[in-house]
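Comments concern the structure below.
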Amino acid sequence: ANITAWDLADASGGRIHLLDPVRPDELLAWVAGADVVVAPIQPTTLNHRLSSPNKVFEAIAAGVPVVGSDLPGIRSVILADPTSPLGAVADPDDPVAFAEAVRSILDLGPAAAAELRARCLAAAHDRWNWETESVGILALAAELGGPIGERMPTTVVPQRVCFVLASSGAFDSRTRRLARGFADRGHAVTILARAADGLPLDEVPHPSVRLLRVDAGVSHGGAPAHGG
């Protein structure tokens with residue numbers, strides 16, 4: 001049988017608490033109350049091995065240290081300056097090593113913990129932010145073909161965009177954010193997601209975005225059983 005996060009929380013004897021999703025504009029306030037954020041990304045795909053997850057940057061922006069997988073994308077952020085780490089990294093396939101890395105943060109004394117949190121917050125203000133990162137992106141765009149303004153299209157050709165999710169989409173704020181971004185640029189967007197009890201089959205999260213939930217199975221005619 002499939003074991004869900006809710007099952008694990010119930011079996012933990014009150015040691016694990018799962019909270020409902022919160023709005024993106026409320027997220028940092030919630031994260032700021034944590035002692036440490038963990039990002040135990042498994043290196044199961046090239047995307048995962050090279051990823052730099054949003055949660056790492058959200059933690060730093062809230063002034064919270066991170067314990068993440070010892071993978072290139074995550075290590076390059078947490079250990080950008082090895083003499084002033086923003087947390088710790090560990091082998092995601094070694095539960096003992098990962099737990100020890102978490103414990104190394106939790107066992108810090110008050111002064112050291114406060115210094116680490118201040119270092120994370122300073123890194124978010126000085127280094128890990130759009131104002132800094134965008135400089136490299138704009139420079140690369142200029143290298144690829146002259147002044148940026150001359151390379152940008154003057155008009156947007158409306159497109160039909162479809163996101164296909166393997167989940168219900170109930171907790172997928174990233175897809176909704178991307179979908180709204182496309183919609184704001186004049187594109188018609190559809191999100192296809194799995195059906196789930198208690199969730200409407202058809203939603204309109206944005207005037208130009210339609211969210212349809214379909215059964216995982218397929219009807220005999222080859223079409224989704226719900227949502228059309």
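The values are calculated or read from the model by the stated rules, or taken from the named source; none is laboratory data. As the structure is a prediction and not an experimental result, all values here were calculated from the model. Every residue, glycine as well, gets a Cβ built from its backbone with ideal geometry; the counts of neighbours run over all protein chains shown. We work out accessible area using only protein heavy atoms, side chains counted, and drop any ligands, DNA or RNA first. Shrake-Rupley method; radii C 1.70, N 1.55, O 1.52, S 1.80 Å.
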#### Entry: Heavy-atom accessible area order for Thr83, Thr45, largest first, 1.4 Å probe
Thr83, Thr45
### Message
Per residue of the range 82-94, what does 6.51 cos²θ - 1.76 cosθ + 1.60 with θ = phi - 60° give for ³J(HN,Hα)? Whole Hz please, x for Gly and Pro, Karplus curve as stated.
### Response
x, 7, 9, x, 9, x, 8, 10, 8, 5, x, 8, 10
### Message
Please give me the summed charge of the neighbours of Ala179: other residues whose Cβ is under 14 Å from its Cβ, Lys and Arg +1, Asp and Glu -1.
### Response
+4
## Note on the structure
For the range 6-118, the percent of accessible surface on carbon and sulfur atoms (probe 1.4 angstrom, ligands and nucleic acids excluded) is 59 percent
### Summary
Of all stretches in the chain that avoid trypsin sites (Lys or Arg not before Pro) placed in a DSSP loop and having at most 13 other Cβ atoms within 10 Å, the longest is 16-184
### Query
Roughly how much of Asp202 is accessible, in Å² to the nearest 10, using a 1.4 Å probe?
80 Å²
## Note on the structure
From DSSP H assignment alone, runs of 4+ in the chain each adding -39500 (n - 2.57), the sum over residues rounded to the nearest 500 puts [θ] at 222 nm at -12000 deg cm²/dmol
### Task
Could you size up the charge dipole of the range 40-172 around its Cα centre, putting +1 on the beta carbon of Lys and Arg and -1 on that of Asp and Glu, and report it in debye to the nearest 20?
280 debye
